[in-house]
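The values are calculated or read from the model by the stated rules, or taken from the named source; none is laboratory data. All of these numbers come straight from a predicted model, not from anything done at the bench. Please note: Cβ atoms are built from the backbone with ideal geometry, for glycine as well, and neighbour counts cover all protein chains shown. Protein only, heavy atoms only, side chains kept; ligands, DNA and RNA dropped before computing areas. Shrake-Rupley method; radii C 1.70, N 1.55, O 1.52, S 1.80 Å.
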Amino acid sequence: MIQTNRKKNYLFFVGGILVLLVLVLLGVRWFGQPPASVISDGIMEQTQFPQDADAVVATVDGAPVTLEEFKVRLPKHRAEIMTYFQQTYGCDPGGTDFWSTPCGGEAPFARLKAVTLRLLIEDRVRELAADRAGIPVAIGYDAFLKEWEAENRTRADRLAAGQVIYGPREYSEPAYYRYVVSSTILGLKQWLLEHDRPPTEEQLRQAYADSVSGQSAPPAFEAVRDALAQQWSEERYESWFKAQLEQAEIEVNQQVYEGIML
Amino acid sequence: MKRRSKAILPLVILVSLLLTSLVSGAVSPIARAAGTTYYVDSVLGNDSSAGTSEASAWKTLTKVNTMSFTPGDRILLKAGSVWSDQYLDLKGSGAEGSPIVVDQYGSGSKPLIHFGNTSVNGEGFGVRLRNVSYWEINNLEITSGQQPTDMRRHGVLVVGEGADAGSFRHIHIKNLSIHDIFGTDRRTGGINFHARGTNTALESTWDGILIENNTIINVADTGIQTMTDAFSNNAWTHKSDAFKNVVIRGNYVEKIHRDGILVRAGVSPLIEYNTTNAIGNACDVNTGVVSYLDHIAVVAAQWAYYTTGAVFQYNEAFDTRKLEGDGQPWDFDVQVKGSVYQYNYSHNNQGGTLLVMNDTDENIFRYNISQNDLDANGAFHLTSGGGNLYIYNNIIYRSGTQNRALTHASNTGMAYYKNNIFYNGASGQYTNSPRMTYDHNSFYGLNSSVANDPYKIVGDPKFVSPNTATGRATADGYKLLPTSPLIDAGVMVAANGGKDFFGNPLYNGAPDIGAFEYQGTIPQPVTIFSDDFEDNDFSDWTVSGGSWNLTTDGSLALSQNTASGEAIAYTGNASWDDYTYSARIKLLTASGNVGLLFRYMDNSNYYTLRLNDSGDKLELYKKSGGAMTLVSSAGYAVTPGQWAAMKVTVSGNVITGYVDGVQLLQWTDASPLPAGKIGIRMHTSAARMDDVKVVQ
């Protein structure tokens, strides 16, 4: 459930006005188009963010999605949004005004923001669920960064000492993020398997019948049994996670969220 | 192509050489061409500009594609730039010491090439290096997004084909982020090298490939691969050596439709520090848009094909899927010879741990850790037609419900299992076959007695903290505790790679079993009693029943000569609790029995490990409160009149029995006799004893 925290909004609004006044006094252009030299680069340089370094874009069951985290994840989804607008509306994602100009009745930048927020909320819900399940996980971006840095330090130390590690000698932040997300999901799937009952033989055979329906030369049941069990686990996780999302208490700080603009 | 003024260029080269000589003290033997740096800015650039400065940057990749570059040139793409429906089709070649470099300039997100549904001759790519050498591609983001059109697509395609095919050198691909690219057959995917053509076409080869620190996510079909059409062209000669000096290092590969990292036709490729995750039918894709993905069967995570001398090390692989077969992290595939998997870590792979295909030979699998890989094909799957395979010092840890075979053999070559730990948490079986040998392996859990290993150890390996390798960089939980029975209990392996999974040198004393060579000092056993009877005195032994004397049998030995009733001789200290007791024993009576007594308290309370010629068995009895109970036994061919070296170790509540250096049984007593003396016992039998020793 997405709610707006009106009390917090009010405080942020007052705070924002004060920050605005200070910035105006300092001669910095806060609203409107940034200088041409700034807009020449990618989406990040076209985007303005509220100046509060500790700003929170949303909370999920009390756990914050920080503005800093939002800034990092935002450009990672740009290709997905480009594909969407190109395929849905025939827009030209290569145009210099692509992000700032609505196309097909939708604003690409607004969609980019929405997708980023949705995925960050999913991250937080997953982390909190993993924590409840007893799976070791960093909750929130600060904790994630600390874990990432510690991981790379450990790797470097071990290599320097002539010891063995496995996987990259240094994880990039995006790769480590994917590693952590994948490992957490894998842990949750195992946890679900241990706490639910695994699929029965009858369920697997029904899934097999459904999957081979209409095939002229279907593979034998035993040949695909493991794949069907895997699919069952995937679907179980997806439905369970959807329920977790629906049950989560989500508060979006509109002041901050709307303050992220071109 | 606009160039610097010809009048200035020699001056620039001269100054460069002078500076180089000043810095290094000598001119490099290979003069690096100065080259030209070109800039490309998707927002502020202009294709009519010179392209040779940030202020005069080109705008499009189409412009770049019109150029033929020369040694030392650099093409720099502005960070944060985005090119939609464009791609890089790079032309020209560098030279040794003067490669042509593609990289980013400025700070921010990597330059993004979104090549969408574009194609050249029916295939799409973000970057193509066709019939060129000496290129280095760095720091790009490449995607096509989900496209409805069915065609081959590649993040990076390095291809040799047509009239300009031939021998190519030095292609480096580093720090790319490649994602969401979907192609229609197995020659597509993230980073593809392909010697392409028909039987009558020119053949291509590469020497000097580096694929390093790339992230490849959500791609069909394969993450990283080398491929030659020599496999289908009889006239082509490079079926096993099309790719030389290949290094694939530090890549993260996830959500792949077919295989993760696949080296075909390689000579001594090095594949290290990579992680693969979610391999096989694992793309996150809207099938309403991308409806053409191949039906996938039999994938593996990181493997080789028609390759010699491959080294796979320090890699991690998890969540590889079994699709109608296979699904292993590691695979010596067809025609892979003289190759090694070492120091790798695998977990949660559906197909098991290692696949070995036909026409393989002299491959080594050592010092790897498999933590709860699943076992759709058993832990090791050696198909028909494989050659010799050496499997040593690995840890196969299973604490789940896996119950298929932990070991396997082919029907042709030999599989040699040495010094491995098989931790069998469920009911996995062990294979015995004339095509395999076991030597000094640890088998823990059910079915431990099944494997034909004359030097097996079946006790708890005593890991520090198994199943806790979640710290990503390490698997320290698989080190051995100082009390592990596996320390110094293995057999020497020559040319063993020189270090264990944790980087420790081999060996520290005698070899350990498992992937960890214990580094501490092991307390040496102390002999607390010994008697070889050469002093012609057995007055310190107490006898009960029988007729005893010392007799010469090679040397002086204690002999009991009456084959009737119970005869016992004992000695030592009633407070001895944990110890190893050994002696040479000779049974003199056919169908008789004789055994070691230990933790002997009195004639009604003791253990005895005895040879029984009746039934050819080694038997462990416990006598408690006067009641004698057979608690464990194992087959052993007893030969009256022949000496046998018997040994028993009693440690807490665990009793382990050996004959002639081979562990034959182990039993755990829920309420053990706490301590006692040692001795010899027989019933209705005559027997001799010599060289008695007790160590703690």
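Of everything listed in (1) more than 11 Å from chain B (Cβ to nearest Cβ); (2) among the acidic types (Asp, Glu); (3) open to solvent by less than 80 Å² (accessible area, probe 1.4 Å), the single unmet condition for residue A:226 is (1). Within the stretch B:164-183, the set of residues being open to solvent by less than 30 Å² (accessible area, probe 1.4 Å) and assigned to a loop (DSSP other than H, G, I, E, B) comprises B:165, B:166, B:176, B:183. Checking each residue in the stretch A:167-197 for being facing chain B (nearest Cβ under 9 Å) and over 26 Å from residue A:76 (Cβ atoms) picks out only A:190. If only residues of the stretch B:237-292 that are part of a strand (DSSP E or B), in contact with a Phe, Trp or Tyr (Cβ under 6 Å, 6 or more places away or on another chain) and closer than 15 Å to residue B:314 by Cβ are counted, the one that is nearest to the other protein chains (Cβ to nearest Cβ) is B:275. Would you pick out the residues in the stretch B:485-513 that are within 14 Å of chain A (Cβ to nearest Cβ), open to solvent by less than 10 Å² (accessible area, probe 1.4 Å) and within 22 Å of residue B:416 (Cβ to Cβ)? Those that are within 14 Å of chain A (Cβ to nearest Cβ), open to solvent by less than 10 Å² (accessible area, probe 1.4 Å) and within 22 Å of residue B:416 (Cβ to Cβ): B:500, B:501. Among the residues of the stretch B:651-658, are any open to solvent by less than 50 Å² (accessible area, probe 1.4 Å), of a type in the set (A, V, I, L, M, F, W, C) and outside any loop (DSSP other than H, G, I, E, B)? Within the stretch B:651-658 (the criterion being open to solvent by less than 50 Å² (accessible area, probe 1.4 Å), of a type in the set (A, V, I, L, M, F, W, C) and outside any loop (DSSP other than H, G, I, E, B)), the answer is yes, since at least one residue qualifies. Restricting attention to the stretch B:464-484, the residues that are at pLDDT 90 or above, in a loop (DSSP other than H, G, I, E, B) and buried (at least 21 other Cβ atoms within 10 Å of the Cβ) add up to 2.
Could you check how many residues of the stretch B:550-609 are open to solvent by 50 Å² or more (accessible area, probe 1.4 Å), in a strand (DSSP E or B), in contact with a strand residue (DSSP E or B) (Cβ under 7 Å, 6 or more places away or on another chain) and closer than 23 Å to residue B:672 by Cα? Within the stretch B:550-609, residues that are open to solvent by 50 Å² or more (accessible area, probe 1.4 Å), in a strand (DSSP E or B), in contact with a strand residue (DSSP E or B) (Cβ under 7 Å, 6 or more places away or on another chain) and closer than 23 Å to residue B:672 by Cα number 0. When B:322, B:337 are screened for being more than 10 Å from chain A (Cβ to nearest Cβ) and of a type in the set (Lys, Arg), only B:337 passes.
Quick one: in the stretch A:233-262, which of the residues that are open to solvent by less than 60 Å² (accessible area, probe 1.4 Å) and within 30 Å of residue B:298 (Cα to Cα) is nearest to the chain's Cα centre (by Cα)? Taking the candidates together, the pick is A:241.
Quick check: is even one residue across the stretch A:120-132 open to solvent by 10 Å² or more (accessible area, probe 1.4 Å), within 27 Å of residue B:214 (Cβ to Cβ) and not in a helix (DSSP H, G or I)? No, that holds for no residue. Taking the criterion of being closer than 22 Å to residue B:650 by Cβ and buried (at least 18 other Cβ atoms within 10 Å of the Cβ), the residues of the stretch B:529-549 that qualify are B:529, B:531, B:541.
Considered as a group, the residues in the stretch B:358-377 that are more than 13 Å from every other protein chain (Cβ to nearest Cβ) and under 16 Å from the mean Cα position of the chain (by Cα) include one that is farthest from residue B:404 (Cα to Cα), and that residue is B:362. Of everything in the stretch A:82-97 that is more than 12 Å from residue A:109 (Cα to Cα), assigned to a loop (DSSP other than H, G, I, E, B) and not hydrophobic (A, V, I, L, M, F, W, C), the residue that is nearest to the other protein chains (Cβ to nearest Cβ) is A:94.
Within the stretch A:101-113, does at least one residue satisfy the condition of being open to solvent by 20 Å² or more (accessible area, probe 1.4 Å), within 14 Å of another protein chain (Cβ to nearest Cβ) and modelled with pLDDT under 95? Yes - at least one qualifying residue is present in the stretch A:101-113.
Out of curiosity, is residue B:84 open to solvent by 40 Å² or more (accessible area, probe 1.4 Å) and of a type in the set (Gly, Ala, Ser)? No.
Please find, within the stretch B:420-459, the residue that is least open to solvent (accessible area, probe 1.4 Å) out of those that are over 19 Å from residue B:365 (Cα atoms) and not in a loop (DSSP other than H, G, I, E, B). So, considering only residues that are over 19 Å from residue B:365 (Cα atoms) and not in a loop (DSSP other than H, G, I, E, B), the one least open to solvent (accessible area, probe 1.4 Å) is B:424.
From the set of residues in the stretch B:44-81 that are open to solvent by 40 Å² or more (accessible area, probe 1.4 Å) and among the aliphatic types (A, V, I, L, M), which is modelled with the highest pLDDT? Applying the filter and picking the extreme gives B:55.
Among the residues making up the stretch B:610-629, those that are open to solvent by 50 Å² or more (accessible area, probe 1.4 Å) and either in a loop (DSSP other than H, G, I, E, B) or closer than 28 Å to residue B:486 by Cα (or both) are B:614, B:615, B:616, B:617, B:625. Every condition in (1) of a type in the set (Phe, Trp, Tyr); (2) more than 10 Å from every other protein chain (Cβ to nearest Cβ); (3) open to solvent by less than 10 Å² (accessible area, probe 1.4 Å) is met by residue A:148 except one, and the failing one is (3).
Only a single criterion out of (1) open to solvent by 10 Å² or more (accessible area, probe 1.4 Å); (2) within 30 Å of residue B:208 (Cβ to Cβ); (3) of a type in the set (S, T, N, Q) is not satisfied by residue B:302, namely (1). Look at the stretch B:463-490: where a residue is on the phi > 0 side of the Ramachandran plot, no partner that is at pLDDT below 85 and among the aliphatic types (A, V, I, L, M) sits 6+ places away or on another chain with Cβ atoms under 6 Å.
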